[in-house]
Amino acid sequence: MADPLRDRADACPGVFATHDAADGGLARVRLPGGRITAAQLRVLAGCAEDLGDGAAHLTSRGNVQLRGLDRDDHRLITRLSGAGLLPEPTHERVRNFLASPLSGLSGGLVDVTPLVAELDAAVCARPELAGLPGRFLFAVDDGRGDVSGEDPDVCWRAVSASAGTLLLGGRDTGTRVPVTAAVATLVEIARRFLALRGSAWRVRELTDPGVLTDAPPTGGTGITTSTAEPCPLGEFERNDGGRGMVVAPVLGELSAEQLRKVAELAEWAVVTPWRSLVLPTARDVSGSGLVTDPAAPAARISACIGRPGCAKARADVRAQARRRLSGPLADEVRVHYSGCERGCGKPRRPCVEVVAGKEER
């Protein structure tokens, strides 16, 4: 079915199996749909402060990473488990679920938030699905087209309040699926992928992704992915007439102090795939270091971890990015600093990429 050339197994990091980075152990904490409570934010702050480098690093899948860990220190597992952040250890690395971050708060055709909890429970209830590659990505999109454009392997995207279309490897199959069958369909696709994948990590690596579904297309929907700003910074109007807000930490890095600040501001938050945070209530964040202006340079500059955290990086690109923050940045331009050609953390939206030792492109 697939023949990707690889000389190693999928080693996507988790909490039980950390990655040995140049700055110590790296643990990735999965947050289904990006949702995290204030109590969990406080636990993360304590873990970052006591066990890691003092910060939580947001990822492009709406998760968080802790760096600088001692992999032999099991306190991280104990603390995260106690906070409900590791509900199913056997499936920890495959709980990769994106959901429209504003769903249920503002806009969208249907609130997909309940689908995330249902999907999480359904995947964890299937022992065989613990064998999915750590890169396999599920998504439920409320119709606005935000997370369906983030390269999910299998995605249900609403086309009405009661039905959605099935996307495989980013392509619309034209198969309509009722919202009541969305989770069962996504789980079945994952089960078939596991049985047919060979050495493939992603659906797009299959010769014919269409073999994952036997349902005949029921009419194309014309769904296309979008590179538009999906969740702009600043205040937004909630469906109930109240106000919420989207904030972002500089370079996607939240200090322990900022984690606690966010916990003070809201009972829960949503980590987005664009390294920002959705807060259900608009609050004063002045003095917190969190960015709320979408036109600010800090909102349009990103960077991989670079040196000294990554042994493959050729430069301290985060230091370069921070120097760029104080200078002018042309309107609409986004810039990403990469320590090497892998381009880790590079946004899917168009940007100018600065690769250490290379010209801007």
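Give me a count of the residues in the range 308-322 that are charged (D, E, K, R) and either touching a Lys or Arg at 6+ places or on another chain (Cβ under 8 Å) or at pLDDT below 90 (or both).
3
Report, by residue number, each residue of the range 291-342 that is buried (at least 22 other Cβ atoms within 10 Å of the Cβ) and polar (S, T, N, Q).
Listed by number, the residues that qualify are Ser302, Ser338.
For the range 257-303, which positions are modelled with pLDDT of 95 or more, under 17 Å from the mean Cα position of the chain (by Cα) and aliphatic (A, V, I, L, M)?
Ala269, Val270, Val271, Leu277, Val278, Leu279
I'm trying to understand the selection: among the residues of the range 206-245, which are modelled with pLDDT under 95, charged (D, E, K, R) and either surrounded by 13 or more Cβ atoms within 10 Å (Cβ to Cβ) or under 30 Å from Ala299 (Cα atoms) (or both)?
Result: Glu229, single match.
Just checking, how many residues over the range 119-169 are in a strand (DSSP E or B) and of a type outside the set (Phe, Trp, Tyr)? If you could, list the steps in order and put the result at the bottom.
Just the residues of the range 119-169 that are in a strand (DSSP E or B), to begin with: 138-141, 154-158, 163-168.
Applying the additional criterion that residues be of a type outside the set (Phe, Trp, Tyr) yields 139-141, 154-155, 157-158, 163-168.
Residues flagged as in a strand (DSSP E or B) and of a type outside the set (Phe, Trp, Tyr) within the range 119-169 amount to 13.
Among the numbered criteria (1) surrounded by 15 or more Cβ atoms within 10 Å (Cβ to Cβ); (2) in contact with a Gly (Cβ under 9 Å, 6 or more places away or on another chain), which one does Lys346 miss?
So Lys346 meets the others, but not (2).
Just give me the residues in the range 276-290 being surrounded by 22 or more Cβ atoms within 10 Å (Cβ to Cβ) and under 25 Å from Val354 (Cβ atoms), in sequence order.
Selection gives Ser276, Leu290.
Could you please tell me which pairs satisfy a Cβ distance under 8 Å, a separation of 6+ or placement on different chains, a first residue in the range 299-322 that is in contact (Cβ under 8 Å) with a residue 60 or more places away in the chain, and a second residue that is among the basic types (Lys, Arg) and surrounded by 17 or more Cβ atoms within 10 Å (Cβ to Cβ)?
Pairs found: Ile305/Arg67; Ile305/Arg318; Gly309/Arg67.
Residues checked against (1) touching a strand residue (DSSP E or B) at 6+ places or on another chain (Cβ under 9 Å); (2) polar (S, T, N, Q); (3) within 20 Å of Val43 (Cα to Cα):
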{"position": "Pro249", "(1), (2), (3)": "yes, no, yes"}
{"position": "Ala266", "(1), (2), (3)": "yes, no, yes"}
{"position": "Ala269", "(1), (2), (3)": "yes, no, yes"}
{"position": "Thr272", "(1), (2), (3)": "yes, yes, yes"}
{"position": "Ile301", "(1), (2), (3)": "yes, no, no"}
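Could you tell me which of the residues Val123, Val140, Val154, Val147 is within 12 Å of the chain's Cα centre (by Cα) and surrounded by 24 or more Cβ atoms within 10 Å (Cβ to Cβ)?
Result: Val147 is the single residue among Val123, Val140, Val154, Val147 that is within 12 Å of the chain's Cα centre (by Cα) and surrounded by 24 or more Cβ atoms within 10 Å (Cβ to Cβ).
Please tell me if Val187 is surrounded by 21 or more Cβ atoms within 10 Å (Cβ to Cβ) and at pLDDT 95 or above.
no
The values are calculated or read from the model by the stated rules, or taken from the named source; none is laboratory data. Given the structure is predicted, the values throughout are model-derived calculations rather than measurements. Neighbour counts are summed over all protein chains in view; Cβ atoms, including those assigned to glycine, are modelled from backbone coordinates with ideal geometry.
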